[in-house]
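The values are calculated or read from the model by the stated rules, or taken from the named source; none is laboratory data. All figures in this text were calculated on a predicted structure; none of them were measured in a lab. In this analysis, Cβ positions are derived from the backbone assuming ideal geometry, glycine residues included, and neighbour counts consider all displayed protein chains. With ligands, DNA and RNA removed, areas are computed over all heavy atoms of the protein, side chains included. Shrake-Rupley method; radii C 1.70, N 1.55, O 1.52, S 1.80 Å.
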There are 2 protein chains.
Amino acid sequence: MKSIAFSSGWLSLSLIILLTSVSAVPHNIPKLSVFDRTSLRDLSDTTPAFVWEDLETYFYNQTLDHFNYNPQSYAIFKQRYVINSKYWGGGNKSAPIFVYLGAEAPIDGDIQFTGFLPENAPNFKALIVYIEHRFYGQSVPFGPVKENQGYFSSAQAIADYAAVILYLKEKLSAHYSPVIVIGGSYGGMLASWFRLKYPHVALGALASSAPILYFDDIIPQNGYYSIVSKDFKEASESCYETIKQSWSVIDEVASQPNGLSTLSQRFNTCYPLSDSFELKDYLDGLYSRAAQYDRPPRYPVTVVCGGIDGAPNGTDILSRIFAGVVAATVNRSCYVNGHHNYSRDPYGDWDWQTCSEMVMPIGRGSNDTMFFAWPFNLTSFTEDCVRSFGVPPRPHWVTTYYGGHDIKAVLQRFASNIIFSNGLRDPYSCAGVLQDISESVVAVYTVNGSHCLDILPTNKSDPQWLTDQRNTEVKIIQGWIDQYYADLLSSSKH
Amino acid sequence: MKSIAFSSGWLSLSLIILLTSVSAVPHNIPKLSVFDRTSLRDLSDTTPAFVWEDLETYFYNQTLDHFNYNPQSYAIFKQRYVINSKYWGGGNKSAPIFVYLGAEAPIDGDIQFTGFLPENAPNFKALIVYIEHRFYGQSVPFGPVKENQGYFSSAQAIADYAAVILYLKEKLSAHYSPVIVIGGSYGGMLASWFRLKYPHVALGALASSAPILYFDDIIPQNGYYSIVSKDFKEASESCYETIKQSWSVIDEVASQPNGLSTLSQRFNTCYPLSDSFELKDYLDGLYSRAAQYDRPPRYPVTVVCGGIDGAPNGTDILSRIFAGVVAATVNRSCYVNGHHNYSRDPYGDWDWQTCSEMVMPIGRGSNDTMFFAWPFNLTSFTEDCVRSFGVPPRPHWVTTYYGGHDIKAVLQRFASNIIFSNGLRDPYSCAGVLQDISESVVAVYTVNGSHCLDILPTNKSDPQWLTDQRNTEVKIIQGWIDQYYADLLSSSKH
């Protein structure tokens, strides 16, 4: 594999940054999640397409370690799964099973905010099953997480899903029910990988906004921030320029006597800033999330730019930036919550995953996006992971186990029944599959869509292009199932 | 999954057998191996198709545990691989790579007795790589095997192969060289599973005599011994009848005063027999191997039956059976080597594999084969494994991870480029894929072939049907590679 090359121009600059103010800050990899878990406002307009009374919760006795035969491999933990059988046509009719593959959070939020399953289950007469990912929510193996953390990996997680699904098909006498796995973001990666690794368990996969190509050297590091920048530029050229210029202004103010105190005051921070990076990191996250979840009808990028551009003529850059922050957030008494911005994840455990196998080299140079430079450096990333967790990441494992390089060449005559859905405003779409790989491994994307938009609940205000995307997906899945039933019928005739 | 049902008629009989004389004997699962490792005579007529000087031996720093991130997962062991680059067209020409996947033995024997790779490499201009399976030969992780035995699994083994192949392609600048994996018997299972799990690493697989369906409840238990019986019946009806009647004769003699001593004398045993099962188990193994490796020009089944049938008129059953033993073996001063027939495997480690994940439920009832009853009983098998290794087997893991049930339905629209080759005289062919699954997942079998016959060295005396089988396989593989190059060319034009 090619080593990642930096242009020497900004390498020296970024090295200085890395070695000075920010050296203790973990590299900030944008969060993967179906919806923006940092802002409930993002989902305030959605309504679940089911009633809670239809859900039943169970716990499966899951094997801690599927791949080895050490005495501790046989340990059992309780894995939560939730079933909605209201619409199911039954196992005796081989009615379909929709399985939502949990990702890096408790399953509850996904149940509430994933519209695709309950909205389509009635027409498909499908059983709905939500399975929680090991080490999240109520599916954490006994004892302190640290003790068993080594078993917290994606290969184990999808093996868990296989075990639960096979168990359920047996228990429900649903031997011939076709299973469709559905997931978004990291869960979308899991869904596509599940179809590839367990075709005997799942007939097909809907992988929504799955950045399966953001590994190793498959795509350029700065893909993510290039799209964030493009989103802002398309929303407003002046907004984009203001943001682009703001970083050096912030640094300049910070370098003056009492500069940090000035910045703290101007941004109404909850705690005095201890360095300018704290503020920049906060803004970085705010812009990135706005782009990632830039969905109708609110379009957060437009909202932020509305704040920035809407300030009266003559307003200086810092005030414009602050106006953008205020526009993006609601009813806050203060902003920039101090050093805990540096903590990598609200749930903590995704940090472990990125520090073990989900090593996504997301970064940017000094002049290739609207942001300040923040290159991904594997060496310092590794050091940080070892400091945090005691073990180094395996940056090549995902491409070794799941592939990714030359994906069209590899899969065009292998595999079937995968939908890679994307919205091109989603910065993670740079690492999604955006071209059909074969007749049934297909890309379904929208130019104006955002992260996992297709699997969120439908809404009266949904634009036509979003409705079209969802209808296309449903039609494709229906085609897989029709084909499956036809095959079943023709084989039983022989 | 259905529980395995016994007809009650012979269940009671077999239970009595299990609970009396043989209760301490591990269930005897016929050995999987490309050639008969118990008898060098089997291969005395073969000539390696290469010179030893062309081989280079290397050791790869292999990861102990690919799937977890415990501190011990990162341990490194030396894995042996052997390269023959004499015929290779080079990485710059994207010339192919043939990779032989080692199985349950040191790699040396396979290098010597696998003809397919060196015989076809010149025409393909292929690099040849032999990779030894972890925990065999010189690829045993440090320290006493027992300590790391938990990491001795097929999923780890094929992940090893992926790592070595990707490393080699990088090292040899052979990024676009198509890789064909080849294996026989257990190694054939690994080859087919490797193509299914790592399509981004191997373009195709030749899986010779791979009994991938002998797991769980996919096929009847007695498939193996039914074919052994059929082979003998086809060779000679009288021979088959003599064998079928012999078991009760042996038991009858054994039950008489001094019966064991009589049997020991009549079979010229190396040590006095301690029970009749010792003799029966020896004969069982002898007949089974004869059938499994019933290959031209010698055809061991015919040889055994020649001994049994060739005795003068009036010879009693025991003497006929002994004449068969003598005919099958050469220059032995004694037979039936005492209790170490009960040890399960000459290499020991295959026992571990069958007691962890490779749980093949091979058995037979009281009247469904030419043998005495010897049903596979999962409960007693499990108890025996726990006694031997401290951990129970996971009898459903192979079908969970690799599939197997409804294989045609699952793979007919998924996967490509696998040859399942078989010889129908091989008792393991009952668990092989004998029907084309799709256009490029195909079955190539011969009616008169034996275990892994196609990948053994060619021989002047080879019958035409064997030459035809090999030519068919070569032509299919050539087709995959041609298609691959055409795809490569057409994608580079876009």
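Considering only residues that are among the small types (Gly, Ala, Ser) and either under 19 Å from B:Gly285 (Cα atoms) or assigned by the TED database to the domain that holds B:Leu196 (or both), which ones fall in the stretch B:365-387?
Within the stretch B:365-387, B:Gly365, B:Ser366, B:Ala373 qualify.
Does B:Leu168 fit the bill of being buried (at least 22 other Cβ atoms within 10 Å of the Cβ), of a type in the set (A, V, I, L, M, F, W, C) and in the same structural domain as B:Gln112 (by the TED database)? Talk me through it step by step, then tell me what you get.
Details: buried (at least 22 other Cβ atoms within 10 Å of the Cβ): yes; of a type in the set (A, V, I, L, M, F, W, C): yes; in the same structural domain as B:Gln112 (by the TED database): yes.
Here the answer is yes, as B:Leu168 does meet what is asked.
Keeping to the stretch B:234-275, report how many residues are part of a helix (DSSP H, G or I), of a type in the set (Gly, Ala, Ser) and either on the phi > 0 side of the Ramachandran plot or open to solvent by less than 20 Å² (accessible area, probe 1.4 Å) (or both). Walk me through how you get there before you give the answer.
Here is the first cut: in the stretch B:234-275, the ones part of a helix (DSSP H, G or I) are B:234-235, B:237-255, B:259-266.
Pick out the ones that are also of a type in the set (Gly, Ala, Ser) and you get B:235, B:238, B:246, B:248, B:254-255, B:259, B:261, B:264.
Filter once more, keeping what is either on the phi > 0 side of the Ramachandran plot or open to solvent by less than 20 Å² (accessible area, probe 1.4 Å) (or both): B:246, B:259, B:264.
Going through the stretch B:234-275 one residue at a time, the tally reaches 3.
Residues checked against (1) within 13 Å of chain A (Cβ to nearest Cβ); (2) open to solvent by 10 Å² or more (accessible area, probe 1.4 Å):
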| position | (1), (2) |
| --- | --- |
| B:Asn417 | yes, yes |
| B:Ser421 | no, no |
| B:Leu434 | no, yes |
| B:Val442 | no, yes |
| B:Val447 | no, yes |
| B:His451 | no, no |
| B:Lys460 | no, yes |
| B:Thr467 | no, yes |
| B:Asn471 | no, yes |
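If we scan the stretch A:83-96, do we find a residue that is more than 14 Å from every other protein chain (Cβ to nearest Cβ) and at positive phi?
From the stretch A:83-96, those more than 14 Å from every other protein chain (Cβ to nearest Cβ) are A:83-93, A:95-96; that's our starting set.
The next check asks that each one be at positive phi; those that pass are A:90.
So far as the stretch A:83-96 goes, yes, one or more of its residues are more than 14 Å from every other protein chain (Cβ to nearest Cβ) and at positive phi.
Would you list the helices (runs of 4 or more DSSP H) that sit entirely within the stretch A:104-158 and hold 2 or more residues that are outside the structural domain of A:Arg195 (by the TED database)? Full working, then the answer.
Values: elements: A:107-113, A:116-124, A:145-148.
It comes to none.
Report yes if A:Ser33 is open to solvent by less than 20 Å² (accessible area, probe 1.4 Å) and assigned to a loop (DSSP other than H, G, I, E, B), otherwise no. Before you say what the answer is, go through the steps one by one.
Details: open to solvent by less than 20 Å² (accessible area, probe 1.4 Å): yes; assigned to a loop (DSSP other than H, G, I, E, B): yes.
Spelling it out, A:Ser33 is indeed open to solvent by less than 20 Å² (accessible area, probe 1.4 Å) and assigned to a loop (DSSP other than H, G, I, E, B).
Which residue is farthest from B:Leu260 (Cα to Cα), if the candidates are limited to the stretch B:300-315 and must be open to solvent by 40 Å² or more (accessible area, probe 1.4 Å) and either among the aliphatic types (A, V, I, L, M) or in contact (Cβ under 8 Å) with a residue 60 or more places away in the chain (or both)?
Result: B:Thr302.
Restricting to the stretch A:410-455, give me the number of residues that are within 20 Å of A:Gln478 (Cβ to Cβ) and part of a helix (DSSP H, G or I).
2
Tell me, please, whether a residue that is within 14 Å of chain A (Cβ to nearest Cβ) and open to solvent by less than 10 Å² (accessible area, probe 1.4 Å) can be found in the stretch B:358-377.
Taking the stretch B:358-377 first, the residues within 14 Å of chain A (Cβ to nearest Cβ) are B:358-359.
Narrowing further to those that are open to solvent by less than 10 Å² (accessible area, probe 1.4 Å): B:358-359.
Within the stretch B:358-377 (the criterion being within 14 Å of chain A (Cβ to nearest Cβ) and open to solvent by less than 10 Å² (accessible area, probe 1.4 Å)), the answer is yes, since at least one residue qualifies.
Examine the stretch A:333-341 for a residue that is touching a helix residue (DSSP H, G or I) at 6+ places or on another chain (Cβ under 6 Å), open to solvent by 40 Å² or more (accessible area, probe 1.4 Å) and closer than 29 Å to A:Pro257 by Cβ, and state whether such a residue exists.
yes
Scan the stretch A:45-82 for residues that are more than 22 Å from A:Ser192 (Cα to Cα), within 14 Å of chain B (Cβ to nearest Cβ) and of a type in the set (A, V, I, L, M, F, W, C) and jot them down.
Of everything in the stretch A:45-82, those that are more than 22 Å from A:Ser192 (Cα to Cα), within 14 Å of chain B (Cβ to nearest Cβ) and of a type in the set (A, V, I, L, M, F, W, C) turn out to be A:Leu64, A:Ala75, A:Ile76.
In the stretch A:32-55, how many residues are at pLDDT 80 or above and closer than 22 Å to A:Ser288 by Cβ?
Looking only at that region, the number is 5.
I'd like to know if the stretch B:103-117 contains one or more residues that are touching a strand residue (DSSP E or B) at 6+ places or on another chain (Cβ under 9 Å) and of a type in the set (S, T, N, Q).
The answer is yes; a qualifying residue exists.
How many residues, within the stretch B:187-206, are within 21 Å of B:Leu64 (Cα to Cα) and assigned to a helix (DSSP H, G or I)? Can you show your working first?
Filtering the stretch B:187-206 down to residues within 21 Å of B:Leu64 (Cα to Cα) leaves B:187, B:190-191, B:193-194, B:197-198, B:201.
Next, from what is left, pick out any that are assigned to a helix (DSSP H, G or I): B:187, B:190-191, B:193-194, B:197.
Looking only at that region, the number is 6.
Do you know which residues across the stretch A:52-99 are without any contact (Cβ under 8 Å) to a residue 40 or more places away in the chain, acidic (Asp, Glu) and open to solvent by less than 50 Å² (accessible area, probe 1.4 Å)?
Within the stretch A:52-99, just A:Asp54 meets the criteria.
Got a sec? Which of A:Gly338, A:Gly307, A:Gly348, A:Gly259 is modelled with pLDDT under 95 and more than 23 Å from the chain's Cα centre (by Cα)? Before you say what the answer is, go through the steps one by one.
On the way: A:Gly307 fails: modelled with pLDDT under 95; A:Gly348 fails: more than 23 Å from the chain's Cα centre (by Cα); A:Gly259 fails: modelled with pLDDT under 95.
Within the list A:Gly338, A:Gly307, A:Gly348, A:Gly259, the selection yields A:Gly338.
Name, by its number, the condition in (1) among the acidic types (Asp, Glu); (2) more than 30 Å from B:Pro463 (Cα to Cα); (3) surrounded by fewer than 23 Cβ atoms within 10 Å (Cβ to Cβ) that does not hold for B:Asp284.
Going through the list (1) among the acidic types (Asp, Glu); (2) more than 30 Å from B:Pro463 (Cα to Cα); (3) surrounded by fewer than 23 Cβ atoms within 10 Å (Cβ to Cβ), B:Asp284 breaks only (2).
Working only within the stretch A:100-131, note down all residues that are more than 23 Å from the chain's Cα centre (by Cα) and open to solvent by less than 10 Å² (accessible area, probe 1.4 Å). Reasoning before the result, please.
Restricting attention to the stretch A:100-131, the residues satisfying the condition of being more than 23 Å from the chain's Cα centre (by Cα) are A:121-127.
Matches in the stretch A:100-131: A:Ala121, A:Ala126, A:Leu127.
Quick check on the stretch A:397-409: of everything there that is within 11 Å of another protein chain (Cβ to nearest Cβ) and assigned to a helix (DSSP H, G or I), which residue is surrounded by the fewest Cβ atoms within 10 Å (Cβ to Cβ)? Walk me through it before giving the result.
Kept after step one, since they are within 11 Å of another protein chain (Cβ to nearest Cβ), are these residues of the stretch A:397-409: A:397, A:399-409.
Now restrict to residues that are assigned to a helix (DSSP H, G or I): A:397, A:399-401, A:407-409.
Values: A:Trp397: 24, A:Thr399: 19, A:Thr400: 22, A:Tyr401: 24, A:Ile407: 20, A:Lys408: 14, A:Ala409: 17.
In this case the residue turns out to be A:Lys408.
Just give me the residues in the stretch B:200-230 being touching a Lys or Arg at 6+ places or on another chain (Cβ under 9 Å) and over 18 Å from B:Gly363 (Cβ atoms), in sequence order.
Listed by number, the residues that qualify are B:Val201, B:Ala202, B:Leu203, B:Gly204, B:Ala205, B:Ala207.
Residue pairs, Cβ under 6 Å, 6 or more apart or interchain, first in the stretch B:464-486 and touching a residue at least 60 places away in the same chain (Cβ under 8 Å), second part of a helix (DSSP H, G or I). List them.
B:Arg470/B:Asp454; B:Val474/B:Asn120
With respect to the numbered conditions (1) within 13 Å of chain A (Cβ to nearest Cβ); (2) open to solvent by 10 Å² or more (accessible area, probe 1.4 Å); (3) assigned to a helix (DSSP H, G or I), which one is the sole condition not fulfilled by B:His175?
Single failed check for B:His175: (3).
Based on this model, can you work out whether B:Ser388 counts as in a helix (DSSP H, G or I), within 14 Å of another protein chain (Cβ to nearest Cβ) and open to solvent by 10 Å² or more (accessible area, probe 1.4 Å)? Walk me through how you get there before you give the answer.
Details: in a helix (DSSP H, G or I): yes; within 14 Å of another protein chain (Cβ to nearest Cβ): yes; open to solvent by 10 Å² or more (accessible area, probe 1.4 Å): yes.
Yes: the conditions hold for B:Ser388.
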